[in-house]
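J.: Got a structure for you, written out below as C-alpha cells; questions coming shortly.
The values are calculated or read from the model by the stated rules, or taken from the named source; none is laboratory data. In this text the structure is predicted, and so the values were computed from the model without any measurement. Because the Cβ atoms are built from the backbone with ideal geometry, glycine has one as well, and the counts that use them run over all protein chains shown.
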Amino acid sequence: MPTQTDPEFDVVVAGAGMIGCTCAVAMAQFGVRVALVDPGPINFKHGLSDGIRVSAVNLASENILRALGAWSVLKAEYLSPFRQIDVWDAGSPGQITFRAADAGLAHLGHIIENEAITAALTTRLSQLGNVSCFAGDSIETFESDHGGISIVLASKQNINAKLLVGADGAESRVRSLAEISVEKTQYNHQAIVATVSTELPHREAARQRFLDTGPLAFLPLQDGRSSIVWSCSPQRFDELNGLDDAAFSAALTDAFENRLGTITLSSSRTSFPLIKQHANQYIAPRIALVGDAAHTIHPLAGLGANLGFADAAALAEVIDSARHAGKDIGIRPVLRRYERWRRGENTVTTKTMDVFYHTFGTSRSGIQSLRGAGLNLVNKASLAKDFFMQYATGLRGDLPKMAQKGPICSK
C-alpha cells in the first residue's frame, strides 16, 4: 500500500476525455487533490479539426460547464446554439416541433465539437494548482484496502489515492480490472457521422427524421454547415458505405426529403456500431464509474454525453459533501449515494430510449399509425410538450447542483 515516496492524491481520474476532464475540474474546484491519467496526449488547446465528432450539449450540461468556468473559455465560433427541434416520421404524418421561445428560453442547447469542450476543460485544469496530469500513461493494476487505493501505471510509477474514477470510455480498463460486469445489447445499427453543406440555411434548428432503417439527424453548426448522424440497419449501412461521395450526398438529400435542399458532403465519413451497455454496478471498493464507462445509449436523442456530464457533477457533489462531513471519500457508503442517484436516473433514460428505438424502428403499419398519432397529439398538448421539452433540455429529474441554474462553489 502507500509508501512515503509515492505521490499522494485524493482522487485519480482515468480518462482525459470530456467526462474525465469534467470530473477532474469539478473535484479540483472543491479543493480535492486530483491526478488525471490518459494514454494519449492531454490537449490544452483546441486546434483545427474536421468537426465530425460533436455533442448536443443541453441546458443542464451548459450549467455544469458554466459552474466549472469552462463555458467562458469556449470561443463563440465553437458554440452553435439550436433554438428549435423538428422531428418527423417517414412512415406516418406524425411530426413535432419544440421551440425555445415557446418555453421562454433563449435556446434549447448547443452543438459543440467534442475537442473544443475538452480543450476548454483542460484550460481550466491548467489554472488549478491541485491537479497533476499523467499524459501518455495508463492504469496497469491497482490494489485497495481500508486505507486507500494503490495504483501502478503502465510506466511503472506508483500513485496512491482514496478513490479511482473510471472515465475511460465504453471499453473501460478500470471497469474490467474492478471486475464489474456489464449488460451489453447490440442495437443492430451502425452510425454514419459526417459534416455536410446544405443548399438551404439550417436556421439554428436541430432536425431528425425517423426512417424504417433508423433515425437521421441534422445538427446545426456555427459556420452554416450541419453535422449528421445517420443510424441505419446493417443492410442499409452496407448500401450507403458502398457509395461514392456524390451518390451518398444524393441519398442523404433524398432521405431528408429535400428539407434543406441539396446536401453535399464537406468532410470524410466515419462510422461506428451502436451498442447499449450498462454496468451492473457503478462502484467497487474505492472505484466509481462515470460516463461511457458506466453506460452507453443510442444517440437518437443526443443524450449520451449529457448523462456523463451529470455523472461527473453528481460524483463531485457527493465527494465534496463527504469531505465536509469528515468522511473517507472512497468508502462504500459514500460511493453508494452516487450509485443510487445516477444509476436510477440513467436507467430511466436508457429504458425511455429503448422505447423510442423499438417504436420508431419498425415498419408495421399499425405501429406506424399509432406513433404518428402520438407525435401529433404531443405536438398539440402543451403539458405533454412541456414534459418532453424539459427532458430534452436536461432540466428534469434529480439534478446535481451544478446542473441547476447558476454556478455553485464549495461551502
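J.: For the subset of region 181-228 comprising residues that are assigned to a loop (DSSP other than H, G, I, E, B) and of a type in the set (S, T, N, Q), which member is nearest to residue 283 (Cα to Cα)? First the steps, then the outcome.
T.: Let us first name the residues in region 181-228 that are assigned to a loop (DSSP other than H, G, I, E, B), namely 181, 199-204, 212-213, 221-225.
Imposing the further condition that a residue be of a type in the set (S, T, N, Q) reduces the set to 181, 213, 222.
Working: 181: 11, 213: 37, 222: 39 Å.
If we take residues in region 181-228 being assigned to a loop (DSSP other than H, G, I, E, B) and of a type in the set (S, T, N, Q), then 181 is nearest to residue 283 (Cα to Cα).
J.: Same structure again: Can you tell me how many residues in region 51-108 are closer than 28 Å to residue 254 by Cβ and β-branched (Val, Ile, Thr)?
T.: Residues of region 51-108 that are closer than 28 Å to residue 254 by Cβ, as a first pass: 51-56, 80, 82-99, 108.
Still in the running and β-branched (Val, Ile, Thr): 52, 54, 85, 87, 96-97.
The qualifying residues number 6.
J.: Pairs under 9 Å by beta carbon, first residue free of Cβ contacts under 8 Å to residues at least 60 places away in the same chain in region 315-329, partner of a type in the set (Phe, Trp, Tyr) and assigned to a helix (DSSP H, G or I), six or more apart or different chains?
T.: What qualifies is 318/338; 318/341.
J.: Taking the residues in region 109-155 that are in contact with a strand residue (DSSP E or B) (Cβ under 6 Å, 6 or more places away or on another chain), of a type in the set (A, V, I, L, M) and within 30 Å of residue 220 (Cα to Cα) as candidates, determine which candidate is surrounded by the most Cβ atoms within 10 Å (Cβ to Cβ).
T.: Of everything passing the filter in region 109-155, 112 is surrounded by the most Cβ atoms within 10 Å (Cβ to Cβ).
J.: Something else about it: Filter region 315-324 for residues that are surrounded by fewer than 24 Cβ atoms within 10 Å (Cβ to Cβ) and either acidic (Asp, Glu) or in contact with a helix residue (DSSP H, G or I) (Cβ under 9 Å, 6 or more places away or on another chain) (or both) and give the result.
T.: As a first pass, look at region 315-324 and keep what is surrounded by fewer than 24 Cβ atoms within 10 Å (Cβ to Cβ): 317-318, 320-324.
Once the filter is applied, which keeps residues that are surrounded by fewer than 24 Cβ atoms within 10 Å (Cβ to Cβ) and either acidic (Asp, Glu) or in contact with a helix residue (DSSP H, G or I) (Cβ under 9 Å, 6 or more places away or on another chain) (or both), region 315-324 yields 317, 318, 320, 321, 322.
J.: Looking at region 160-175, I want the residues that are over 10 Å from residue 291 (Cβ atoms) and have a partner that is surrounded by 24 or more Cβ atoms within 10 Å (Cβ to Cβ) and of a type in the set (Lys, Arg) with Cβ atoms under 6 Å, at least 6 apart or on another chain. Which pairs are those?
T.: 163/286
J.: Check off (1) at pLDDT 95 or above; (2) assigned to a strand (DSSP E or B) for residue 274 and give me the number that stays unchecked.
T.: Only one criterion in (1) at pLDDT 95 or above; (2) assigned to a strand (DSSP E or B) is unmet by residue 274, namely (1).
J.: Follow-up. Hey, among the residues in region 1-44 that are farther than 22 Å from residue 292 by Cβ and among the β-branched types (Val, Ile, Thr), which one's modelled with the highest pLDDT?
T.: Narrowing region 1-44 to residues farther than 22 Å from residue 292 by Cβ: 1-10, 29-33, 44.
Okay, now just the ones that are also among the β-branched types (Val, Ile, Thr), so 3, 5, 32.
Details: 3: 36, 5: 41, 32: 97.
The extreme case among them is 32.
J.: Another question about this same structure. Among the residues that make up region 232-255, is at least one of them surrounded by 21 or more Cβ atoms within 10 Å (Cβ to Cβ), within 17 Å of residue 273 (Cβ to Cβ) and touching a strand residue (DSSP E or B) at 6+ places or on another chain (Cβ under 6 Å)?
T.: yes
J.: Taking region 178-213 as the search range and keeping residues that are of a type in the set (Gly, Ala, Ser) and buried (at least 20 other Cβ atoms within 10 Å of the Cβ), which one is farthest from residue 149 (Cα to Cα)? Before the answer, list the steps.
T.: The first filter runs over region 178-213 and keeps only residues of a type in the set (Gly, Ala, Ser), leaving 178, 181, 191, 194, 197, 205-206.
Pick out the ones that are also buried (at least 20 other Cβ atoms within 10 Å of the Cβ) and you get 178, 191, 194, 205-206.
Numbers: 178: 12, 191: 38, 194: 42, 205: 47, 206: 45 Å.
Only one residue tops the list, namely 205.
J.: Here is a further query. Report, by residue number, each residue of region 53-78 that is assigned to a loop (DSSP other than H, G, I, E, B) and surrounded by 17 or more Cβ atoms within 10 Å (Cβ to Cβ).
T.: Hits for region 53-78 are 68, 69, 70, 74.
J.: Test of understanding: among 283, 287, which residue is touching an Asp or Glu at 6+ places or on another chain (Cβ under 9 Å) and modelled with pLDDT of 95 or more?
T.: After applying the criteria, what remains is 283.
J.: Cβ contacts < 8 Å: first residue touching a residue at least 60 places away in the same chain (Cβ under 8 Å), restricted to region 103-127; second residue in a helix (DSSP H, G or I) and of a type in the set (Asp, Glu), any location; separation 6+ or different chain. Result?
T.: From residues that are touching a residue at least 60 places away in the same chain (Cβ under 8 Å), the pairs are 103/386; 109/62.
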